[in-house]
Amino acid sequence: MTAILLRLLIYVAIAGFIYFGARKIFRDWKNQFRDLDKSRHERDLKERQRPDVIDLKRSSDGVFRPPGDSNERH
């Protein structure tokens, strides 16, 4: 009976180590990707402030054009 309990305890311990290890790996990756997205977002916001960047607006026909462009097709 004690051999069965010992074997069961070992299996539970191994499963616990695998579960908590996988959780830690998942959490680390999630934080790394979140930081990467944050840095990309900050870079994009900085690029928008440059003078050579043009903001395009979607016209009524669905095409992106610079503001003030009157080449819309109806």
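The values are calculated or read from the model by the stated rules, or taken from the named source; none is laboratory data. Given the structure is predicted, the values throughout are model-derived calculations rather than measurements. Cβ: placed from backbone, ideal geometry, glycine included. Neighbour counts: every protein chain shown. These area figures cover heavy atoms from the full protein model, side chains too; ligands, DNA and RNA do not enter into them. Shrake-Rupley method; radii C 1.70, N 1.55, O 1.52, S 1.80 Å.
Working note: 222 nm ellipticity from helices only, DSSP H runs with n ≥ 4, each -39,500 (n - 2.57), summed and divided by the residues of the chain, gives -23500 deg cm²/dmol to the nearest 500.
First measure r as the distance between the Cβ atoms of Glu42 and Phe64, then evaluate 1/(1 + (r/R0)^6) with R0 = 25 Å and state the FRET efficiency to the nearest 0.05. Calculated value: 0.55. Here the spin labels are modelled as points 7 Å beyond Cα on the Cα-Cβ line, and at Ile18 and Lys30 they lie 2.1 nm apart. Label-to-label distance for Val53 and Ile10 is 6.0 nm, based on points extended 7 Å past Cα in the beta-carbon direction. For the chain, the share of accessible area belonging to carbon and sulfur comes to 61 percent (1.4 Å probe, ligands and nucleic acids excluded). Along the stretch 16-28 the Karplus relation, 6.51 cos²θ - 1.76 cosθ + 1.60 evaluated at θ = phi - 60°, assigns HN-Hα couplings of x, 4, 5, 4, 5, x, 5, 4, 5, 4, 4, 5, 5 Hz to successive residues, with x for each Gly and Pro.
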